[in-house]
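Enquirer: Below you'll find the structure I mean.
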Amino acid sequence: MKISKMVDETIGYIVFDLDPYLNSENLKEIYNILNEFENSKDINLIVLKSNLDDFCLGCNIEELINFNEADSKIYSFLGQRLIKRMRNLKKIIISMVDGNATGGGFEISLASDVIFATKRSRFGFPETNYGIIPGFGGTQLMSRKVYETFTKYLVFTGDLVDADILYEKGFIAELFENREDMEKFLIDFANKIKERSVFAIGLAKEVINNGVEIDLDKALLLEQNAFTVAFASNDKVEGMSAFLEKRKPIFKDRWEEFKKL
């Protein structure tokens, strides 16, 4: 797989090209681009997309068959490092899936904040067909995003499911007839986010992602603390003042600035 990057307005794109398979170098490259985009004040959204017939099919079996225990450990570590970084980023990450997203490709989409997909897309964990299991966190992320029994069904059978099934379960945010419609919707979505407080969005993402990992009382305290932090921001003053003055707010707080402190 070849990985390329581009920036268009407030969107940072990570694009899969050449072939749909992930190797260790690809995982490192995606990780590094994410860090670059996270630190750019010009970017509000990060989008993962493919120029291929499929979104991403994980690791090529022709490569996997030659892995020993050490190779598989490194590959799994790099994949899990990537999905953890995706979840820890303050910026919104969108996977735009057109075609199949299987194995590691499915797990990358699972780690995204929002998934858009075309109706022809399919998702699944085919690993048990090859005598292995998902290794990038798919067994855990899927259980948290949908529910345990459906995760077991997908992992146990190795079957691919159509996008409309996952859309009905709330896993996919928007479903489209084709790639062109999905691209148009993304621009509208990006324009909507441009008018929101990216600082508040980052806080919300942090609370949602961390809250599912802990018990309810601790999760509520996490939300309470983040709610309090929001009241110390310039965006809180601007947002509420703009509402009362019946004008559009101009939000300026950026997570990139806080990281420099």
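Enquirer: Quick check: Cα centre of segment 3-55 to Cα centre of segment 197-247, how many Å?
Expert: 27 Å
Enquirer: How big is the Cα convex hull of segment 73-192 in projection, averaged over all directions, in nm²? Working shown, then result.
Expert: Details: hull surface 29.6 nm².
Result: a mean projected hull area of 7.4 nm².
Enquirer: A follow-up question, please. For segment 215-261, what is Rg from Cα atoms divided by 2.2 N^0.38 Å, rounded to two decimals?
Expert: After normalising by residue count via 2.2 N^0.38 Å, the value is 1.45.
Enquirer: On to the next question. Relative to the longest principal axis of the chain, what angle (0 to 90°, nearest 10) does the C-alpha long axis of helix 24-38 take?
Expert: Relative to the chain, helix 24-38 is tipped by roughly 10 degrees.
Enquirer: Right, something else. Quick check: pseudo-label points 7 Å beyond the Cα along Cα→Cβ at ASN32 and ASP53, how many nm apart are they?
Expert: Reported label-point gap for ASN32 and ASP53 is 3.1 nm.
Enquirer: Still on this structure, I have one more. So what's the angle, to the nearest 10 degrees on a 0 to 90 scale, between helix 198-211 and the longest Cα principal axis of the chain?
Expert: Relative to the chain, helix 198-211 is tipped by roughly 50 degrees.
Enquirer: Still on this structure, I have one more. Ranked highest first by the average count of other Cβ atoms within 10 Å around their residues, in what order do 148-159, 104-115 fall?
Expert: Going from most to least packed, we get 104-115, 148-159.
Enquirer: With a point put 7 Å past each Cα toward its Cβ, work out how far MET6 is from ASP164 in nm, to one decimal.
Expert: For the pair MET6/ASP164, the computed spacing is 3.2 nm.
Enquirer: Take the Cα coordinates of segment 60-131, assign each an equal point scatterer, and use the Debye formula without solvent to give log10 I(q)/I(0) at q = 0.11 Å⁻¹.
Expert: With one equal scatterer per Cα and no solvent, log10 I(q)/I(0) is -0.33.
Enquirer: For segment 126-160, list residues with backbone N below 15 Å from a point placed 7 Å from the Cα of ALA219 toward its Cβ?
Expert: 141-148
Enquirer: Also, I was wondering about something else. Distance check, please: which entries in LYS90/LYS119; LYS41/LYS192; LYS192/LYS248 exceed 20 angstrom between their Cα atoms?
Expert: LYS90/LYS119
Enquirer: Too long at a 21 Å Cα-Cα cut-off: which of LYS49/LYS184; LYS2/LYS184; LYS28/LYS194; LYS28/LYS152; LYS28/LYS184; LYS184/LYS205?
Expert: Working: LYS49/LYS184 14 Å; LYS2/LYS184 25 Å; LYS28/LYS194 29 Å; LYS28/LYS152 29 Å; LYS28/LYS184 30 Å; LYS184/LYS205 24 Å.
Pairs exceeding 21 Å: LYS2/LYS184; LYS28/LYS194; LYS28/LYS152; LYS28/LYS184; LYS184/LYS205.
Enquirer: Any chance you could give the angle, 0 to 90 degrees and rounded to 10, that helix 234-244 forms with the longest Cα principal axis of the chain?
Expert: Tilt of helix 234-244: around 70 degrees.
Enquirer: Next question, about the same structure. Over segment 1-143, one equal point on each Cα, no solvent: what is log10 I(q)/I(0) by the Debye formula at q = 0.13, 0.15, 0.22 Å⁻¹?
Expert: Debye output, listed in q order: -0.51, -0.69, -1.52.
Enquirer: Could I ask something else about it? Summing -39500 (n - 2.57) over the DSSP H runs of n ≥ 4 in the chain and dividing by its residue number, what mean residue ellipticity at 222 nm do you reach, to the nearest 500 deg cm²/dmol?
Expert: Rounded to the nearest 500, the figure is -15000 deg cm²/dmol.
Enquirer: Taking the Cα centre of the chain as origin, work out the dipole magnitude from +1 charges on Lys and Arg Cβ and -1 charges on Asp and Glu Cβ, in debye rounded to 20.
Expert: Details: 34 positive and 42 negative charges, 198 e Å.
Dipole magnitude for the chain comes out near 960 debye.
Enquirer: Let me see the pair-distance distribution of the chain: every alpha carbon pair, 5 Å bin width, integer percents in order.
Expert: Per 5 Å bin, starting at zero, the Cα-Cα P(r) for the chain comes out as 1, 6, 12, 16, 18, 17, 13, 9, 5, 2, 1, 0, 0 percent.
Enquirer: Take every Cα-Cα pair in segment 10-74 and report what % of them are more than 17 Å apart.
Expert: 51 percent
Enquirer: So for segment 91-162, Kirkwood radius off the Cα pairs, Stokes-Einstein at 25 °C and 0.890 mPa s: how many µm² s⁻¹?
Expert: 202 µm²/s
Enquirer: Let me ask something else about it. I need the P(r) histogram for segment 124-254: all alpha carbon pairs, bin width 5 Å from 0 out to the longest distance, whole percents.
Expert: Going from the shortest bin to the longest, the percentages are 2, 8, 12, 13, 13, 15, 14, 11, 6, 3, 2, 0, 0.
Enquirer: Then there's this: Tell me, in nm to one decimal, what length is gained between ILE133 and GLU195 on full extension, where the rule is 0.36 nm per residue of separation less the Cα-Cα distance?
Expert: 18.1 nm
Only the coordinates and a few stated rules stand behind these numbers; no lab work does. For clarity, every value in this text was computed on a predicted model and none was experimentally measured. Quick reminder, even Gly has a Cβ in these numbers, built from the backbone with ideal geometry, and neighbours come from all protein chains shown.
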